[in-house]
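Let me begin by presenting the structure, written as structure tokens, before commenting on it.
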Amino acid sequence: MPSKIALASLALLLPLTALAAKADTAPKPPVAEKKPVVDTYHGTEVEDPYQWLESTDEPKVQEWTQGQNAYTRAVLDKLPGREAIRQRLGELFTWQSPAYFALMKAGDTLFALKSQPPRQQPLLVVLGNVEDVASERVLLDPMEVDPSGKTSIDFYEPSLDGQKVAISLSKNGTESGDVSVYDVATGKPLPGEVVPRVNGGTAGGSLAWSADGKGYFYTRYPRGTERSGEDMNFFQQVYFHRLGTPSEKDTYALGKDFPRIAMTQLETSRDGQFTLALVANGDGGEFALYLFGASGQWAQVSRFEDKVVRARFGKDGALYLLSLQNAPRGKVLRLPLATPSLDKATVLVPEGPATLQDFLPTPGSLYIVEQLGGPSQLRRVDLKGQTLGLVPTLPVSSVGGMVLQDGDDILFANASNVKPLAWYRYAAQEGKVLKTALVQTSPKDISSTEVIRDEAVSKDGTRIPLTILKPQGVKLTGNNPTLLTGYGGFNASTTPGFSKAGIAWLEQGGIIAIANLRGGSEFGEEWHANGSLTKKQNVFDDFYACAKLLVEKKYTQPKKLGIQGGSNGGLLMGAELIQHPEMFGAVVALVGIYDMLRSERTPNGQFNTTEFGSVKDPEQFKALYAYSPYHHVEEGKKYPPTLFTAGANDPRVDPFHSRKMVARLQAATDNKSRILLRTASGGHGGGTPLSERIEEMTDVYAFLFNELGVKYRPVKPVAAPKAK
């Protein structure tokens, strides 16, 4: 892209207030007509003036959305320093050091997804040797399937011998993925081998190969007239597909008695003799386990109430289970496959002070990823449960992606907030960690950044961890631009990770804070439960406590404090915006949920009910209504400038949430010119082409820097040191 640094530098010489005022002379955002509708929930009448904005296909809704986009562009395109910011983010995001993720070994072949800027989408590659990336081979480049860059890989699954690989591909962020089978030796798709819509934006998708590689079990959504139109994103079942036969002749395997909002993950044992189906009851963290074996029948191993949440096949004829039953931080059970009844399971690793996040059995040991309130560590135990010690990892880092190698050796990924992701080999016999050639380098060395772990105290006295990244030499004057982010939901831990965009913030003297809120799994199931369903308000209180800590300890002040979050984190932004508008100088709410009363009318919103609750339940309705951001916008109140984003094809969060929230805020506040809506053509974020991610982040940072009073200083690129 052409450089416009000179023009951007000239713009920086103008007073910031003058430029902001100039932006305000842009055309006003289109006004959304109020058409009040009253819904009644358990005797409570709730007026909704913008329910008409839920109808995406209505011409008036499209016209209003297009008008909002035009207004947003008129504001954002004129912001000071935008082109310099775009130039810098482009340099950072297109840094050509690749990142490898989703490694899998099948037979003697190692597969991986590879992000290789400036390519628009990750590639599927075959790795000959983790010590020599020159030996890798591209198996599938989505750009060859779709030169527009809008087709992406949802998931892939190699056959047990590594000779074939099934790949789900979807377009335009829809996550509606069809599976094709590729020959690994030639890289060519097998003719006629396409199974439609194995993956979806509601229940996801999965498949597991048979031992002979001639077919696979897969997740199947309703087709044709099997269900009514409103049920086509539900009732996911398991079918079996035999290669060389039309998918219309695939046979039913499992799932007719599953919940409407079931989501299934499939896995085959390494010898191909058994297949697992781990079935989730929506998004709330309940799972049931089924096993297919030599008898040719599926048998249920655990029920939702048994609290088995993860399973792995061992190399010793056993199934290893992660159970939360009477152990909210997790324990590991061993269940012999010869007697696959849960009452035959024995405790291998009892609950301890750390939260058990993941595990991998090897012939002679068990590797366990332990969650420590955000950061994680890797522990090894023998098959009697006796600890063999910690595997060395980076300080304040995250561990994951474990892949079995020879014997008890494994590969694992490790990253921190200041070190990009790298893959390591743990040589068990020697007890050594060896860095492989699968190492991503940074566009800029930020290892001198101070990484501070602190704790805020929430409203109810709960201590909330947060990680603070402070550039070396920056003094705590209470005047530093600071960006606070968080998530707090769906049992997902917020773990340390390297951010290229974060470099652009830090090099402007900015501070970054990442909160570990309740609703995640940082401290086990109790931590999750205390931030879900009727206790969701705790998450918002936790985040507010973190914001107050940053002000009290003079990292920043409210007018210099920006907050950013996406999806469930977008809901968090909406709640903070409404509950504590005086606390923030700017808000970025990405693909968020804001109308908590009508969310479950959308397909994925129904999957969310096991996490958020349902308006059909009186107590859950009361809690939802109490914090629903859309329903608590107050007329005449001053809200901080806010940038909302939405994806037109988002299968997870309907873009009507952002439309309704923006309409209500713009009508209620005199600051309507600083309430912006940016609707892109993609989805929830997955599958977004690299170029579009750069454009979105440019808008986000230009907006934040402007609203927080940061005069962007163009940065001369500095070559990063070579990986060691």
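Quick one: how many residues across region 211-234 are surrounded by 19 or more Cβ atoms within 10 Å (Cβ to Cβ) and of a type in the set (S, T, N, Q)?
Summing the residues that are surrounded by 19 or more Cβ atoms within 10 Å (Cβ to Cβ) and of a type in the set (S, T, N, Q) in region 211-234 gives 2.
Within region 128-147, count every residue that is in a loop (DSSP other than H, G, I, E, B), surrounded by 12 or more Cβ atoms within 10 Å (Cβ to Cβ) and either touching a helix residue (DSSP H, G or I) at 6+ places or on another chain (Cβ under 9 Å) or without any contact (Cβ under 8 Å) to a residue 60 or more places away in the chain (or both).
Selection size over region 128-147: 5.
If you go through region 167-189 one residue at a time, do you hit one that is touching a residue at least 40 places away in the same chain (Cβ under 8 Å), part of a loop (DSSP other than H, G, I, E, B), of a type in the set (Val, Ile, Thr) and more than 20 Å from Thr202 (Cβ to Cβ)?
Looking through region 167-189, at least one residue is touching a residue at least 40 places away in the same chain (Cβ under 8 Å), part of a loop (DSSP other than H, G, I, E, B), of a type in the set (Val, Ile, Thr) and more than 20 Å from Thr202 (Cβ to Cβ).
Determine whether Asn172 is of a type outside the set (Ser, Thr, Tyr), surrounded by 18 or more Cβ atoms within 10 Å (Cβ to Cβ) and farther than 24 Å from Ser269 by Cβ.
Numbers: of a type outside the set (Ser, Thr, Tyr): yes; surrounded by 18 or more Cβ atoms within 10 Å (Cβ to Cβ): yes; farther than 24 Å from Ser269 by Cβ: yes.
Yes.
Among the residues of region 51-71, which ones are under 19 Å from Pro603 (Cβ atoms) and in a helix (DSSP H, G or I)?
Gln51, Leu53, Glu54, Val61
Out of the residues in region 77-94 that are part of a helix (DSSP H, G or I) and basic (Lys, Arg), state the one that is nearest to Ala702 (Cα to Cα).
Pass one, region 77-94, residues part of a helix (DSSP H, G or I): 82-93.
If we keep only those that are basic (Lys, Arg) too, we end up with 82, 86, 88.
Details: Arg82: 5, Arg86: 9, Arg88: 12 Å.
By that ranking, first place goes to Arg82.
Take the conditions surrounded by 13 or more Cβ atoms within 10 Å (Cβ to Cβ), in a loop (DSSP other than H, G, I, E, B) and either out of contact with any helix residue (DSSP H, G or I) (no Cβ under 9 Å at 6 or more places or on another chain) or at pLDDT 95 or above (or both) and apply them to Ala26. Does it pass?
On the way: surrounded by 13 or more Cβ atoms within 10 Å (Cβ to Cβ): yes; in a loop (DSSP other than H, G, I, E, B): yes; either out of contact with any helix residue (DSSP H, G or I) (no Cβ under 9 Å at 6 or more places or on another chain) or at pLDDT 95 or above (or both): no.
No.
What strands (runs of 3 or more DSSP E), lying completely within region 206-290, carry at least 1 residues that are closer than 30 Å to Ala318 by Cβ and of a type in the set (Gly, Ala, Ser)?
Numbers: elements: 207-209, 215-220, 237-242, 251-254, 262-268, 275-281.
In region 206-290, 207-209, 215-220, 251-254, 262-268, 275-281 are the strands (runs of 3 or more DSSP E) which contain 1 or more residues that are closer than 30 Å to Ala318 by Cβ and of a type in the set (Gly, Ala, Ser).
For region 314-412, please list each of the strands (runs of 3 or more DSSP E) lying entirely inside it that holds at least 2 residues being without any contact (Cβ under 8 Å) to a residue 40 or more places away in the chain. Steps first, please.
Numbers: elements: 318-323, 331-336, 346-349, 355-361, 365-371, 376-382, 387-391, 397-404.
Ranges flagged: 318-323, 331-336, 346-349, 365-371, 376-382, 387-391.
Every residue, every condition in (1) within 24 Å of Asp454 (Cα to Cα); (2) within 20 Å of the chain's Cα centre (by Cα); (3) surrounded by fewer than 18 Cβ atoms within 10 Å (Cβ to Cβ), yes or no:
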{"position": "Asp542", "(1), (2), (3)": "yes, no, no"}
{"position": "Gly565", "(1), (2), (3)": "yes, yes, no"}
{"position": "Gly574", "(1), (2), (3)": "no, yes, no"}
{"position": "Gly585", "(1), (2), (3)": "yes, no, no"}
{"position": "Glu611", "(1), (2), (3)": "no, yes, no"}
{"position": "Asp617", "(1), (2), (3)": "no, no, yes"}
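Farther than 28 Å from Phe607 by Cβ and at pLDDT 95 or above, is that true of Leu190?
Working: farther than 28 Å from Phe607 by Cβ: yes; at pLDDT 95 or above: yes.
Yes: the conditions hold for Leu190.
What do you reckon, is Glu430 acidic (Asp, Glu), buried (at least 17 other Cβ atoms within 10 Å of the Cβ) and at pLDDT 95 or above? Let's see the steps before the verdict.
On the way: acidic (Asp, Glu): yes; buried (at least 17 other Cβ atoms within 10 Å of the Cβ): no; at pLDDT 95 or above: yes.
Taking the combined requirement at face value, the residue does not satisfy it.
Test Lys470 against the stated conditions and say whether it is within 26 Å of Val700 (Cα to Cα), touching a Phe, Trp or Tyr at 6+ places or on another chain (Cβ under 6 Å) and of a type outside the set (Val, Ile, Thr). First the steps, then the outcome.
Numbers: within 26 Å of Val700 (Cα to Cα): yes; touching a Phe, Trp or Tyr at 6+ places or on another chain (Cβ under 6 Å): no; of a type outside the set (Val, Ile, Thr): yes.
No; evaluated as a whole, the condition is false for this residue.
Listed residues Leu624, Leu597; which is hydrophobic (A, V, I, L, M, F, W, C), assigned to a loop (DSSP other than H, G, I, E, B) and under 24 Å from Gly43 (Cα atoms)?
Values: Leu624 fails: assigned to a loop (DSSP other than H, G, I, E, B).
After ruling out the rest, the residue left standing is Leu597.
Which residue out of Glu63, Glu91, Glu54, Glu83 is under 30 Å from Phe621 (Cβ atoms) and modelled with pLDDT of 95 or more? Don't jump to the end; show me each part of the working.
Values: Glu63 fails: under 30 Å from Phe621 (Cβ atoms); Glu91 fails: under 30 Å from Phe621 (Cβ atoms); Glu83 fails: under 30 Å from Phe621 (Cβ atoms).
Criteria check complete, one pass: Glu54.
Among the residues of region 185-202, which ones are surrounded by fewer than 23 Cβ atoms within 10 Å (Cβ to Cβ) and touching a strand residue (DSSP E or B) at 6+ places or on another chain (Cβ under 6 Å)?
Within region 185-202, Gly187, Pro189, Leu190, Glu193, Val194, Val195, Pro196 qualify.
I need the full set of residues from region 128-142 which are among the aliphatic types (A, V, I, L, M) and at pLDDT 95 or above, in order please.
Keep residues of region 128-142 that are among the aliphatic types (A, V, I, L, M), which gives 130, 133-134, 138-140.
Listed by number, the residues that qualify are Val138, Leu139, Leu140.
Show the residue pairs meeting these rules: Cβ distance below 6 Å; 6+ apart or different chains; first residue within region 205-216 and touching a residue at least 60 places away in the same chain (Cβ under 8 Å); second residue polar (S, T, N, Q).
Partner pairs satisfying both residue conditions: Ser206/Thr219; Ser206/Gln265; Ala208/Thr268; Ala208/Thr275; Trp209/Ser159; Trp209/Thr268.
Taking into account only those residues within region 235-270 that are among the aliphatic types (A, V, I, L, M) and out of contact with any helix residue (DSSP H, G or I) (no Cβ under 9 Å at 6 or more places or on another chain), which is surrounded by the fewest Cβ atoms within 10 Å (Cβ to Cβ)? Step through it out loud before you land on a result.
The initial filter retains those residues of region 235-270 that are among the aliphatic types (A, V, I, L, M), namely 238, 243, 253-254, 261-263, 266.
Narrowing further to those that are out of contact with any helix residue (DSSP H, G or I) (no Cβ under 9 Å at 6 or more places or on another chain): 238, 243, 253-254, 262, 266.
Working: Val238: 26, Leu243: 17, Ala253: 20, Leu254: 21, Ala262: 22, Leu266: 24.
Once the filter is applied, the top-ranked residue is Leu243.
Report yes if Lys559 is among the charged types (D, E, K, R), farther than 17 Å from Pro629 by Cβ, assigned to a loop (DSSP other than H, G, I, E, B) and in contact (Cβ under 8 Å) with a residue 12 or more places away in the chain, otherwise no.
Values: among the charged types (D, E, K, R): yes; farther than 17 Å from Pro629 by Cβ: yes; assigned to a loop (DSSP other than H, G, I, E, B): no; in contact (Cβ under 8 Å) with a residue 12 or more places away in the chain: yes.
It is false that Lys559 is among the charged types (D, E, K, R), farther than 17 Å from Pro629 by Cβ, assigned to a loop (DSSP other than H, G, I, E, B) and in contact (Cβ under 8 Å) with a residue 12 or more places away in the chain.
For region 95-127: of the residues being in a strand (DSSP E or B) and of a type in the set (Lys, Arg), which is farthest from the chain's Cα centre (by Cα)?
So in region 95-127, the residues in a strand (DSSP E or B) come out as 99-106, 109-115, 123-127.
Adding the requirement that they be of a type in the set (Lys, Arg) leaves 105, 114.
On the way: Lys105: 24, Lys114: 18 Å.
Only one residue fits best here, namely Lys105.
Hey, among Arg303, Arg334, which residue is outside the structural domain of Met402 (by TED's automatic domain parsing), closer than 20 Å to Ala253 by Cα and of a type in the set (D, E, K, R)? Full working, then the answer.
Details: Arg334 fails: closer than 20 Å to Ala253 by Cα.
The unique qualifying residue is Arg303.
Is it the case, given these coordinates, that Gly570 is assigned by TED's automatic domain parsing to the domain that holds Phe621, small (Gly, Ala, Ser), part of a strand (DSSP E or B) and crowded, with 24+ Cβ neighbours inside 10 Å? Reasoning before the result, please.
Values: assigned by TED's automatic domain parsing to the domain that holds Phe621: yes; small (Gly, Ala, Ser): yes; part of a strand (DSSP E or B): no; crowded, with 24+ Cβ neighbours inside 10 Å: yes.
Against the criterion (assigned by TED's automatic domain parsing to the domain that holds Phe621, small (Gly, Ala, Ser), part of a strand (DSSP E or B) and crowded, with 24+ Cβ neighbours inside 10 Å), Gly570 does not qualify.
Consider only pairs whose beta carbons are under 6 Å apart and that are at least six residues apart or on different chains; among these, list those whose first residue lies in region 672-689 and is assigned by TED's automatic domain parsing to the domain that holds Gly569 and farther than 11 Å from Asn649 by Cα and whose second residue is of a type in the set (Phe, Trp, Tyr) and in a strand (DSSP E or B).
Leu677/Phe644
I need the full set of residues from region 657-671 which are of a type outside the set (D, E, K, R) and part of a helix (DSSP H, G or I), in order please.
His657, Ser658, Met661, Val662, Ala663, Leu665, Gln666, Ala667, Ala668
Just the residues that are of a type in the set (Phe, Trp, Tyr) and out of contact with any strand residue (DSSP E or B) (no Cβ under 7 Å at 6 or more places or on another chain), please, taken from region 203-237.
Here is the first cut: in region 203-237, the residues of a type in the set (Phe, Trp, Tyr) are 209, 216-218, 221, 234-235.
Residues satisfying the conditions are Phe234, Phe235.
Taking region 148-166 as the search range and keeping residues that are buried (at least 17 other Cβ atoms within 10 Å of the Cβ) and assigned to a loop (DSSP other than H, G, I, E, B), which one is nearest to the chain's Cα centre (by Cα)? Give the derivation first.
Initial filter on region 148-166 (buried (at least 17 other Cβ atoms within 10 Å of the Cβ)): 149-160, 162, 164-166.
Next, only the ones that are assigned to a loop (DSSP other than H, G, I, E, B) stay: 149-150, 159-160, 162.
On the way: Gly149: 21, Lys150: 19, Ser159: 27, Leu160: 28, Gly162: 28 Å.
Here the residue is Lys150.
Name the residues in region 672-709 that are within 21 Å of Gly173 (Cβ to Cβ) and part of a helix (DSSP H, G or I), would you?
Result: Leu690, Ser691, Glu692, Arg693, Ile694, Glu695, Glu696, Met697, Thr698, Asp699, Val700.
The values are calculated or read from the model by the stated rules, or taken from the named source; none is laboratory data. Note that the coordinates shown come from a computational prediction; the quantities given were computed from them, not determined experimentally. Note that each Cβ is placed from the backbone with ideal geometry, even for glycine, and that neighbours are counted across all protein chains shown.
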